[in-house]
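Below is one structure, written out as structure tokens; comments come after it.
Bear in mind these aren't lab numbers, they're just calculated from the coordinates by the rules spelled out. What you see is a predicted model, and the numbers here were worked out from it, not measured in a lab. No Cβ is skipped: glycine too gets one built from the backbone with ideal geometry, and neighbour counts run over all protein chains shown.
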């Protein structure tokens, strides 16, 4: 199958999936509206709110953030996937420019994310157990690797999440710990790490416009010395980064009940190499994304988008992608 046929097939499948999902969502919403009282009376999976605790959807009204924080059920499964494709000039390409690098470093299109189970302690607190999933060239052929060889399921993690609202600002805080099992990362001594993330959104009293800030802080542990030589004869420390800090301002405008336009800025991403002194950090090039959010249901959110480097924009340096949040 040539590239054009593969791209057409992928687009057809995506269209069928979107239409089927929307039809199913509309049918599900109709049935839910007709039987809400009965379901609430007989479903043991519904979480009980603690005394004085607000409902999840009263605290978090942003549709994307709701989908990211998981189902309101006491026990649920969650999936967060992101497809990184080619460019606007050639969406079906099997090469993806690394726009976060000043040099042209080709990457492979990939489908990556996590699949896990969530236990909601209360309406606003939850525990999650996840495992990472990565599929390189999911819609392309590869003469050197079959589909199984291009697929990795690894790196289990545990996390705790809490939701709250302060002065009209919607907040989600999360802390997690992960264990590295991916052979590529284990080869450089990556043992695992801890992370903290914070997202805050303000919608100006319920208006169509909202602004927010997401922050991440992570630390990676290594069980191999930075001066040890790798298979390429170079010190492992050249590939080891221990701590990373990221700040991501973003803005949204709601178009309808189901659609919104969103842009995310990535001007502040700092990473420390173990080969440098503690205070010497590298800053990644500034990138940005713009996309259309589609709230299929409360627990299904699609986000087709493009990513680019504002200081180096061209059709062959603007990547396409899509993310999916799905809760069951």
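Listed peptides 64-73, 269-278 appear in the order 64-73, 269-278 once ranked by packing, highest mean of other Cβ atoms within 10 Å at the front. For the range 187-328, what does the alpha-carbon gyration tensor say about shape, rounded, prolate or oblate, given a ≥ b ≥ c as the root eigenvalues, a/c under 1.5 as rounded, and a/b over b/c as prolate? Taking the square roots of the gyration eigenvalues as a ≥ b ≥ c, the range 187-328 is prolate.
Available extension along the chain between residue 238 and residue 95 is 49.0 nm, counting 0.36 nm per residue and deducting the alpha carbon span. Spin-label model, residue 58/residue 257: points 7 Å from Cα along the beta carbon direction are separated by 2.2 nm.
Fully extending the segment from residue 278 to residue 229 would add 15.5 nm, taking 0.36 nm per residue of separation and subtracting the current Cα-Cα distance. With only the Cα atoms considered, the range 44-327 has a convex hull volume of 153 Å³ per residue.
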